[in-house]
Amino acid sequence: AGHEITFHQLEWMSGVQSDPKPEAVHAWQPPIQVEHKGHRLMVEGFDFQHEFDLIEGTLQRLSRNGVEMLDAPARFSIWRAPTDNDMHVKEKWCNEGYDRAITKVYQCDWEQTGEGAIEVRSRFSIGAVSRFTILRGEACWRVSPSGAVDLLVKVKRG
């Protein structure tokens, strides 16, 4: 608990000055438009379009100015390729099913916050077939009116 395990960073706003003017940071943003069709949630703003799958509990599309930022939907995974230093623990990882773990989503909801942001929350577990659950968690994807996406994940291991 309390330790960052991993992160991934995308270049989001190419060409923006490293020291933006204060008025640019606090500029008015048009409200987010949301369309909920079946299990898809489309979130659109001034220069972005994002899409969530409410069954999978994941971000499916992330685009800015018509440019797709994801090659595939964002998914949770606990497996990484073992290094030479992992040779003694790799067999234990495989026996526990880490290499074939899948995500099961129990619930996924969304709401528009008072600040005009959209929050998509999902409860999920990760485990391998015929094995005990490896972890349970909650994820909160937050889309701000500027199109920025924040993800907060809280998990408890089995």
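The values are calculated or read from the model by the stated rules, or taken from the named source; none is laboratory data. The shown structure was predicted, so the numbers you read here are calculated from the model rather than taken from an experiment. Note that each Cβ is placed from the backbone with ideal geometry, even for glycine, and that neighbours are counted across all protein chains shown. These accessible areas exclude ligands, DNA and RNA; they are computed on the full protein's heavy atoms, side chains included. Shrake-Rupley method; radii C 1.70, N 1.55, O 1.52, S 1.80 Å.
Cross-link partners for LYS104 among the lysines, with Cα-Cα distance under 19 Å and sequence neighbours closer than 8 places in the same chain left out: LYS154, LYS156. Dividing the radius of gyration of the alpha carbons in region 74-158 by their Kirkwood radius gives 1.11 for Rg/Rh. Within straight-line reach of LYS37, meaning a Cα separation under 15 Å, sit the following aspartates and glutamates at least 8 residues removed in sequence or on another chain: GLU51, ASP53, GLU56, ASP109, GLU111. A simple spin-label model places the labels of ASP86 and TYR106 2.8 nm from each other, with each point 7 Å out along Cα-to-Cβ. Measuring how big region 40-99 is from its alpha-carbon positions, Rg and Dmax come out at 17.4, 51 Å. Solvent exposure of the chain amounts to 73 Å² per residue of accessible area, where only protein heavy atoms count and the probe is 1.4 Å. Within region 136-157, what residues put their amide N at less than 19 Å from the label point 7 Å along the Cα-to-Cβ vector of LEU70? The answer is 137-154. For the chain, a Gaussian network of Cα nodes joined below 10 Å ranks PRO30, PRO82, PRO145 by mean-square fluctuation, and the top entry is PRO82. Between GLU115 and CYS94, the modelled label-to-label distance comes to 4.6 nm, taking each label 7 Å out from Cα in the direction of the beta carbon. Here LYS90 is the anchor, and the aspartates and glutamates within straight C-alpha reach of less than 13 Å, apart from those fewer than 8 places off in the same chain, are ASP99. Here the chain is assigned +1 on the Cβ of each Lys and Arg and -1 on the Cβ of each Asp and Glu. Its dipole about the Cα centre then comes out at about 760 debye. The share of accessible area on the chain that comes from carbon and sulfur is 51 percent, using a 1.4 angstrom probe. Think of it as helices only: each DSSP H run of n ≥ 4 in the chain is worth -39500 (n - 2.57), and spread over all residues that comes to -1500 deg cm²/dmol at 222 nm. Over all directions, the projected convex hull of the C-alpha atoms in the chain averages 12.1 nm² in area.
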